[in-house]
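Data first, discussion second: the structure below is written as structure tokens.
None of the figures in this text is laboratory data; all of them are computed from the coordinates on show. All figures in this text were calculated on a predicted structure; none of them were measured in a lab. Cβ coordinates were reconstructed from backbone atoms using ideal geometry, including for glycine residues, and neighbour counts include every protein chain displayed.
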Amino acid sequence: MENNKNKVVVVMPAYNAAQTLKQTLKAIPEGSYDEILLVDDNSSDNTVEVAKQLGLKVIKHDKNMGYGANQKTCYKTALEMGADIVVMVHPDYQYDPRLVPFLTGLIKADICDVMFANRIRTRKEALKGGMPFYKYFFNRCLTILENIVLGLNLGEYHTGYRAYSRKVLETINFEANSDDFVFDQHIVVQMAIAGFRIGDIPVPTKYFEEASSINFKRSVQYGLGILWILVKYILHKWNIVKFKQFEIKQVIR
């Protein structure tokens, strides 16, 4: 446990991660977190049993609710656990867990409120790491569009490796977001509206059989969902239509 006032809770949204969970957990640097929470989205394998054997705090959904819904449970529970910083680490070992202290470090230093791990350092590295070309192409196009619309300068919007300060999760209405994969983009738009400081650092790309990924059809649906949330953002920002999803909560301390 780190000797400072910031309690770091690592959350793992899990689905059929039994084969990679131990490897992921082992790679997280000792002393970089205080507690780990795994939320299982009704896996068909023995993810829950493996997680309990490894001594993790486990919550299991009674039915498959979706990636976004899994994150909602992760964040709500982490806040109830007293987290000052919440780090989402996928238990499929696609993202390098050794970055946890680097992601949290910039939040602790009050340089950023949110940190992303960017998989697109170079095109060559991303493709060599196994990222399908169509995913790389759409990732680049959507990231450029989102930077222009939201006025940010992020290297990648579509990473699932992120760290949030408590203030961020208490301020934005993340529970109003999609239960599907586009949740990740909904929360970015909410943070942009609230004016939070978002930064990113590079992380190697790793694609392999056990790593979770969505197919081409789901990728298209995801892309259309991003375009729609950007349209809603523009309508909200220009005061044409106001959406409750973008309202900022009153933070009571």
Legend entry - Pick from the range 35-68, criterion in a helix (DSSP H, G or I) and not charged (D, E, K, R), ranking: farthest from V188 (Cα to Cα): Q53
Legend entry - helices (runs of 4 or more DSSP H) enclosed by the range 69-158 - at least 3 residues per element that are under 22 Å from Y222 (Cα atoms): 123-128, 133-150
Legend entry - Complete set of residues in the range 35-66 that are of a type in the set (A, V, I, L, M) and in contact with a strand residue (DSSP E or B) (Cβ under 8 Å, 6 or more places away or on another chain): I36, L37, L38, V39, V48, A51, L56, V58, I59
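From the list K76, K124, K128, K63, exactly one residue is more than 13 Å from Y161 (Cα to Cα), of a type in the set (D, E, K, R) and either under 16 Å from the mean Cα position of the chain (by Cα) or buried (at least 16 other Cβ atoms within 10 Å of the Cβ) (or both). Which is it?
Residue meeting the stated conditions: K76.
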Legend entry - Candidates I193, I172, I111, filtered to the one that is crowded, with 22+ Cβ neighbours inside 10 Å and either of a type outside the set (K, R) or in contact with a Leu (Cβ under 8 Å, 6 or more places away or on another chain) (or both): I172
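Residue by residue, here is whether (1) assigned to a helix (DSSP H, G or I); (2) under 20 Å from Y75 (Cα atoms); (3) among the aromatic types (F, W, Y); (4) under 19 Å from the mean Cα position of the chain (by Cα) holds:
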| site | (1), (2), (3), (4) |
| --- | --- |
| A163 | no, yes, no, yes |
| K167 | yes, yes, no, yes |
| V189 | yes, yes, no, yes |
| K217 | yes, no, no, no |
| V220 | yes, no, no, no |
| L230 | yes, no, no, yes |
| Y233 | yes, no, yes, no |
